[in-house]
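First comes the structure, then the notes that go with it.
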Amino acid sequence: MPLLATFRTDRLIAERLRAGDLDDLCRMHRDPRVMATLGGIRSADETRRFLRDNLDHWDRCGYGLWMFRDRENGQFIGRGGLRNVHVGGSDEVELAYALRAECWGQGLATEMAKAILMVGFERLDLTEVVAFTLPTNWASRRVMEKVGFTFERDIVHAGLQHVLYRIANTVWKGCLEC
Ligand SMILES: CC(C)(COP(=O)(O)OP(=O)(O)OC[C@H]1O[C@@H](n2cnc3c(N)ncnc32)[C@H](O)[C@@H]1OP(=O)(O)O)[C@@H](O)C(=O)NCCC(=O)NCCS
């Protein structure tokens, strides 16, 4: 599977997650605004484990999370990518994204999500991608809908009610032609 270490969007540069990203992740993971929908704030040790698990994911699968930075000034914006997960009773590839709260409301998650789907479908030739979140995470649900996901069903994940969305490669290619 081809590794894609870096790619660009209109406003952002994505770089494959690295061990040196710990400080940016720790700052994001201690912000209660960001973590309210991601299981709560994480200690430095929990973030170290998160980083190690996601670096392992890259080694095992050839894809994973990218760190997104402002193309102009290099400022950290957020993390996003594709992860293999067991969710809703099946093995799936998940689109994940989280941005620093200061960067919300500018269409940046949508820009990240579109670019990640393009990598997933064009470069990795994935058949389908899912996304899931808490039912009340309206901003995330809106991002999913804007990039072409369709609501599939309610599920329980990590002991909590979630909504599961899905997009197929064929549907995504159709969206591009609209
Ligand atoms: C969810 C998240 C990624 C959205 O990032 P963002 O950069 O603000 O998203 P965008 O600007 O691309 O799009 C957000 C959309 O949601 C809409 N929105 C925001 N809050 C909303 C609300 N409470 N109700 C309904 N829609 C809302 C915005 O208006 C926008 O839609 P529009 O373009 O049609 O106006 C960001 O809030 C985040 O990082 N949250 C914490 C982590 C998280 O929950 N990640 C997702 C886990 S699945």
In region 8-56, residue farthest from GLN161 (Cα to Cα) [restricted to those that are without any contact (Cβ under 8 Å) to a residue 40 or more places away in the chain and of a type in the set (Val, Ile, Thr)]: THR47
Qualifying residue in region 87-97 (condition: in contact with a His (Cβ under 9 Å, 6 or more places away or on another chain) and of a type outside the set (Asp, Glu)): yes
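For every residue, the table says whether it meets (1) under 22 Å from LEU160 (Cβ atoms); (2) crowded, with 17+ Cβ neighbours inside 10 Å; (3) in contact with a strand residue (DSSP E or B) (Cβ under 7 Å, 6 or more places away or on another chain); (4) at pLDDT 95 or above.
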residue	(1), (2), (3), (4)
ASP70	no, no, yes, yes
GLN75	no, no, yes, yes
GLU94	yes, no, yes, yes
ILE116	no, yes, yes, yes
Unique match (being more than 14 Å from the chain's Cα centre (by Cα) and buried (at least 18 other Cβ atoms within 10 Å of the Cβ)) among TRP172, TRP138: TRP172
Checklist (1) of a type in the set (Ser, Thr, Tyr); (2) surrounded by fewer than 20 Cβ atoms within 10 Å (Cβ to Cβ); (3) within 11 Å of the ligand (Cβ to nearest atom) applied to TYR165, failing item: (2)
Odd one out for LEU51, checked against (1) within 14 Å of the ligand (Cβ to nearest atom); (2) buried (at least 18 other Cβ atoms within 10 Å of the Cβ); (3) more than 11 Å from the chain's Cα centre (by Cα): (1)
Cβ pairs under 6 Å, 6+ apart, first in region 150-167 and of a type in the set (Ser, Thr, Tyr), second surrounded by 11 or more Cβ atoms within 10 Å (Cβ to Cβ) and in a strand (DSSP E or B): TYR165/ALA131; TYR165/PHE151
Identity of the residue in region 122-147, more than 19 Å from ARG83 (Cβ to Cβ) and not in a helix (DSSP H, G or I), that ends up nearest to the ligand (Cβ to nearest atom): THR136
Hits in region 102-121 (condition: closer than 21 Å to HIS86 by Cα and either within 11 Å of the ligand (Cβ to nearest atom) or among the hydroxyl-bearing types (Ser, Thr, Tyr) (or both)): ALA113
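The values are calculated or read from the model by the stated rules, or taken from the named source; none is laboratory data. All figures in this text were calculated on a predicted structure; none of them were measured in a lab. Here Cβ is always computed from backbone atoms with ideal geometry, including for glycine, and neighbour counts include all displayed protein chains.
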